Amino acid sequence: MLKIKSITLNNSNQLSLLFDSTTTLPCLYPMLYINSSLRFKSESTQQAYLQGIKQWYEFWREKHDQSFCDYFREYKSNPELMIKEIDSFILYLENIQEIDQKLIRLGNNPSFNYNTLAHRLRAILSYLNYLLDTFSQVHGKSISPEIARYKSTLSRKADVVKNLSSNHHKAHKNGTNFKSLTEEMKEALYSIISPKALETLFKNKDAQLRNFLIVHLLLNYGLRTGELLLLTLNSIKTDLKTHNTYLLITDTQDRTDTRISKPQIKNAQSVRTILLEKRDAQFIHMYINNIRSRDSKSHMLFLSLQAPYAPLSKSGLKKLIATINEKIKSKYPQFFDKNYVDSIDKISAHILRHTWAYMMLKHSYQSYLGSYNKAQAMENSIESLRKMAGWSLNSTMPYLYASRFISENANLANIQRITKVGAHYDQ
């Protein structure tokens, strides 16, 4: 029997593991996977992925009378059976984890939640990809044709999984996946949150300035919510030679953090160093010296402005952005009008990051064009964006922004072509 349990590490962080109740030991490969790929994820995310892996192990035991770890240890150089069994596993999940009953066709079980199935399959595909990348290749040698073929199969399965999730369909149907703020929206946003605004949105000037700084960092440096909330006084560092100021994005591993929902770093690539624009650095220091309470016991950068000056929480940040949303919706309703293709549903920390990513890609591409051809300029821009945003090496996010950028430029080029040759309406 397999059980999912959480253990507490020395830094008080939680690590969820899959235990074999017979041996009372954690299963080897899932443990390595969690520690390598999901260590910085929340406990709930780790457990969600492990639930899919647990079901895969139960399926394998029931069908092959063998532990999957034992199978992979023996056949890791060419785990063909592992790949072949994915389709059977999908049917196994869909049909209430029964192998021997008459199976119905995928997608036709009216009593099954296909969003749940999609989550489970995403977990197992991620896990199997990790196994191929980590254990099925000989160090220092190029990938074998067999492993390349298996990875290609996993990629195709991932596309199938996307079609199982109604949320995926809904998001793409509405076109909201990569919505970002237009220049007009950004100007409106700054007019509302600026410390120099004639009418302060928040209760006093200190709150206005702190909240302006928070939104400004999200929009101009692409910080994730967790990364922003993990900033400490020690996150701001100055270079002795250049006097440049940097923002260090990392996990604080703070045992004294009392927030109920503790912010976390998303992955190992999220740990990065970001150069701050000089005025932004000055603004941060002004906030620290003049607004941030010195009576707080916390070393977090962003605190409540009321005693006991607790660290800003996820719910506090959501409330802050919700206040901005209400104001902009009342003042600029056209930004949310579905009749416009560039409308948005709401302003969120995620949309601010999307906006930054698109601006960053566009700026990098224009910069690289002076020294490289278009293809190489785009590839360099994608890699720059990946590093700045803290995306993992196998993340497709930078390519999605590139696809949007190329599509928009293709539309513009097509209109220019039509204008040049004429529309022939007079013929």
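The values are calculated or read from the model by the stated rules, or taken from the named source; none is laboratory data. Treat the numbers as computed from the prediction; the structure is a model and nothing was measured. Neighbour counts run over all protein chains shown; Cβ positions are idealised from the backbone, glycine included.
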Counting only residues that are surrounded by fewer than 19 Cβ atoms within 10 Å (Cβ to Cβ) and over 26 Å from the mean Cα position of the chain (by Cα), segment 203-227 contains a total of 5
Regarding segment 240-247, can at least one residue be identified that is free of Cβ contacts under 8 Å to residues at least 60 places away in the same chain, on the phi > 0 side of the Ramachandran plot and not assigned by TED's automatic domain parsing to the domain that holds PHE40?
yes
With the condition kept exactly as written, say whether any residue in segment 62-77 is at pLDDT 90 or above, within 29 Å of the chain's Cα centre (by Cα) and among the charged types (D, E, K, R).
no
Go through (1) within 23 Å of VAL271 (Cα to Cα); (2) in a loop (DSSP other than H, G, I, E, B); (3) touching a residue at least 12 places away in the same chain (Cβ under 8 Å) for THR22 and report which single condition fails.
(1)
Taking the stated definitions as given, is PHE72 assigned to a helix (DSSP H, G or I) and in contact (Cβ under 8 Å) with a residue 60 or more places away in the chain?
yes
Only unsatisfied item for ALA357, checking (1) out of contact with any helix residue (DSSP H, G or I) (no Cβ under 9 Å at 6 or more places or on another chain); (2) in contact (Cβ under 8 Å) with a residue 60 or more places away in the chain; (3) closer than 17 Å to THR182 by Cα, is (1)
When segment 268-313 is checked residue by residue, the ones that are of a type in the set (Val, Ile, Thr) and part of a helix (DSSP H, G or I) are ILE284, ILE288
Quick count over segment 318-355, residues being loosely packed, with under 15 Cβ neighbours inside 10 Å and outside any helix (DSSP H, G or I), is 7
Consider only pairs whose beta carbons are under 7 Å apart and that are at least six residues apart or on different chains; among these, list those whose first residue lies in segment 286-297 and is surrounded by 10 or more Cβ atoms within 10 Å (Cβ to Cβ) and whose second residue is assigned to a loop (DSSP other than H, G, I, E, B).
SER293/TYR309; SER296/TYR309
